[in-house]
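Notes to accompany the following structure.
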Amino acid sequence: MHYTSGNYEAFVHASTPKDENVDKKSAYLVGSGLASLATAVFLIRDGHMKGENIHVFEELALPGGSLDGIYNPADQAYIIRGGREMESHFECLWDLFRSIPSLDYPDETVLDEFYRLNRKDPSYSKTRVIINRGEELPTDGQLLLTPKAVKEILNLVMTPEKDLQDKKINEVFTKEFFESNFWLYWSTMFAFEPWASAMEMRRYLMRFVQHVATLKTLSSLKFTKYNQYESLVLPLMSYLKDHGVQFHYDTIVNNIIVNRSEGYKVAREIHLTEKGKKKNIKLSEDDLVFVTNGSITESTTYGDNFHPADQKHPLGPSWQLWKNLAAQDTDFGHPEKFCENIPKANWVISATITFENNDIVPYIEKVNKKDPHSGSIVTSGPTTIKDSNWMLGYSISRQPHFHKQKPNQLIVWLYGLYSDTEGNYIKKTMPDCNGIELCEEWLYHMGVPEEKISEMAHAAKTIPAHMPYITSYFMPRALGDRPKVVPDHAKNFAFIGNFAETERDTVFTTEYSVRTAMEAVYTLLNVDRGVPEVFASAFDIRMLMNAMYYLNDQKKLTEIDLPIGEKMAIKAMLKKVKGTYVEELLKKYKLM
């Protein structure tokens, strides 16, 4: 497996697999989330494996993993546990969906449909942060980073990952940084907490430096037309079923036995429970195993208008499988770092509100300056309520958000980064709230008169979702805590998904799921085509200059408040580059 950039290999079909025995091979995939579905596609498209030789084991009764979106007939309400922000430079994701036919437009691929939609209706947030029950934050659009805070960002970026092991964000930044709008935007856009991994924060800064200029407007983001299940999962499922891939639902993989033979590590047996019956599958070296280890939505519980979501939960099969694998070899990672001792001050609750009438519409229009029934994307990512004790945020996607959604229905998604504190209006923590109470807290912050809040909340249907592992990706970690996609000396198995380790890319993204899938397939089948490298934003001087301009709230280099010595050094540098291409770049990106 090798990485590539540019167009030379981007459009190559891997028509002659190096592995001539591929017809004799079978593949067993644990989980049916995006990483697993992408793995199956790459096995077929680029590895030329027969679809009927691919088996997908899923513990639930439906596919999709964390990419969900369903209608719950019991509550007559819709449920989405979260959404996925995407962007132009998800190279592996778009490589995948260029090959998947659209279900709504038969002559197009999912990528074609997505591209056309986002050209016609681009993301643009008119109100990113509110305070005082629906008022726009006066400093919305300013990052408010002090020179000290900017220096701390640069210091983190310059620090090697080996020096950031087990460090938290609040161990590398000081108070000035956390008081900035930059942190407010960054943390609520990506779901970072102060206790989260500094190593992961560094990766995000380097991976998404191109987003610094658009943190207020969120115009760099792109979104699907409908919920992620209907827009992404169902087209993948249609493709895979057309190719004969076999799905085994209500199936728990309990363990995979890995033996050492002649210096290699070889998966030899799968222990599983299918519909309550225990089975063992013997494996040869021609049988490939792809494991989605861990899950952020494992053990999710749900509430309703009158009941909070249950806060008690078992560990969950995906975590137990990873623990069973890790017990066999230290190269298989350390799952306890991600599923145990999660801080209480974290995001653990999201909620989906289904409004059955338009009473809320005037308040949304006042805050977000868009008609939610226009068919256009409304919030373009999260709108953050800064003075919410929960650090409440909400997102309103294009409506309808589901194919079967009624014209008068409106769906709002809520989450809170600090769910262990009491609300401003509802004096409870988020996990202790039922659906009506969560809805009431949001209506209060949206500026709905208090005498109307209860009636509006009771008329809506709000489904709380308790997700005990939703922030597990960001737990402070050390090198080796996540297993490599293909562990050293592994011959026929790989780890896929956001708890596997690949260089430079960032977890909690659809891109990471697809990238690990592609790397796993290309390595185990020796596919003669390059994996697109992670977008090199941190190595592009233009993007760095643009980020520097916006990090300093659109100031020229000579306007930045710096010590006299540093100001003199900048003046000397500007004098030295006068008349050069560097000066042209500095002027183009408004630094001089």
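Values in this text are rule-based calculations from the coordinates and carry no lab data. Nothing here was measured: the structure is a model prediction, and the numbers come from that model. For neighbour counting, all protein chains shown are included, and Cβ atoms are generated from backbone atoms with ideal geometry for every residue, glycine included.
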**Message:** Can I get the semi-axes of segment 10-79's equivalent ellipsoid? Compute them from the C-alpha gyration tensor as square roots of 5 times the eigenvalues, in angstrom, largest first.
**Reply:** 33, 14, 8
**Fill in**
When all Cα-Cα pair distances of the chain are considered, the percent exceeding 34 Å is 43
**Subset of LYS25/LYS282; LYS24/LYS50; LYS120/LYS370; LYS50/LYS282 violating a 18 Å alpha-carbon distance limit** = LYS50/LYS282
**Message:** Need one number: % antiparallel among DSSP beta bridges in the chain, to the nearest 5.
**Reply:** 65
**Item:** Packing-based order for 141-147, 461-467, using average beta carbon neighbours within 10 Å, highest first
**Value:** 461-467, 141-147
**Prompt:** Quick one: TRP347, TRP94, TRP442, fewest Cβ neighbours within 10 Å first, how do they rank?
**Reply:** TRP94, TRP347, TRP442
**Asked** How far apart, in nm, are the 7 Å Cα→Cβ label points at ASN341 and ARG119?
**Response** 5.2
**Asked** So what's the gap between the Cα centers of segment 182-209 and segment 512-567, to the nearest angstrom?
**Response** 14
**Item:** Extension gain from ALA478 to LYS428, taking 0.36 nm per residue of separation minus the Cα-Cα distance
**Value:** 14.5 nm
**Request:** Per DSSP H run of at least 4 residues, take -39500 (n - 2.57); add these up for the chain, divide by its residues and hand me the 222 nm value, nearest 500 deg cm²/dmol.
**Result:** -8000 deg cm²/dmol
**Request:** Show the residues, 5+ positions off or on another chain, whose built amide H is closer than 5 Å to the amide H of ARG268.
**Result:** ILE257, VAL258, ASN259
**Prompt:** Could you state the number of Å between the C-alpha centres of segment 459-499 and segment 379-452?
**Reply:** 26
**Using a Förster distance of 56 Å, the FRET efficiency for ASN408-THR330 (Cβ separation, nearest 0.05)** = 0.50
**Prompt:** Rg/Rh for segment 538-588: what does it come to with C-alpha atoms and Rh from Kirkwood?
**Reply:** 0.96
**Asked** Among the aspartates and glutamates, which have Cα under 12 Å from the Cα of LYS275 when same-chain residues fewer than 8 positions away are ignored?
**Response** GLU58, GLU59, ASP250
**Message:** Under a Cβ-only charge scheme (Lys and Arg +1, Asp and Glu -1), can you give me the dipole magnitude of the chain about the Cα centre, in debye to the nearest 20?
**Reply:** 1300
**Asked** For segment 15-143, with the dipole built from +1 on Lys and Arg beta-carbon atoms and -1 on Asp and Glu ones, taken about the Cα centre, which of LEU103, VAL129, PHE57 lies farthest toward the positive end?
**Response** VAL129
**Prompt:** Which value in Å does the Kirkwood hydrodynamic radius of segment 273-383 take, with 1/r averaged over all unlike C-alpha pairs and then inverted?
**Reply:** 19.0
**Complete:** Along segment 81-94, Karplus-curve 3J(HN,Hα) (6.51, -1.76, 1.60; θ = phi - 60°) to the nearest Hz, with x for Gly and Pro, reads 7, x, x, 10, 8, 10, 8, 4, 9, 8, 4, 6, 4, 6
**Prompt:** Under a point spin-label approximation (7 Å from Cα along Cα-to-Cβ), what is the TYR249-LYS282 distance to one decimal in nm?
**Reply:** 3.2
**Message:** For ASN72, what residues show an amide H to amide H distance below 5 Å, using hydrogens built from the backbone and excluding near sequence neighbours?
**Reply:** ALA77, TYR78, ILE79
**Prompt:** Which of the lysines could be linked to LYS404 by a straight reach, that is with a Cα gap under 18 Å, when you skip same-chain ones fewer than 8 residues away?
**Reply:** LYS225, LYS461
**Prompt:** Taking a point 7 angstrom from the Cα of ASN155 along the C-beta vector, which residues in segment 549-578 have backbone N less than 19 Å away?
**Reply:** 551-552, 561-567
**Prompt:** What full-extension length gain, to one decimal in nm, is calculated for LYS588 and LYS24 as 0.36 nm per residue of separation minus the Cα-Cα distance?
**Reply:** 197.3 nm
**Item:** Long pairs among LYS216/LYS571; LYS406/LYS452; LYS167/LYS491; LYS386/LYS406, criterion Cα-Cα beyond 28 Å
**Value:** LYS216/LYS571; LYS167/LYS491; LYS386/LYS406
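Let's test the formula: R0 of 22 Å, r as the Cβ-Cβ distance of GLU566 and LEU144. What FRET efficiency results, to the nearest 0.05?
That pair, GLU566 with LEU144, gives E of 0.65.
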**Request:** Check the straight Cα-Cα distances from LYS162 and name the lysines below 22 Å, setting aside those fewer than 8 residues away within the same chain.
**Result:** LYS151, LYS337, LYS484
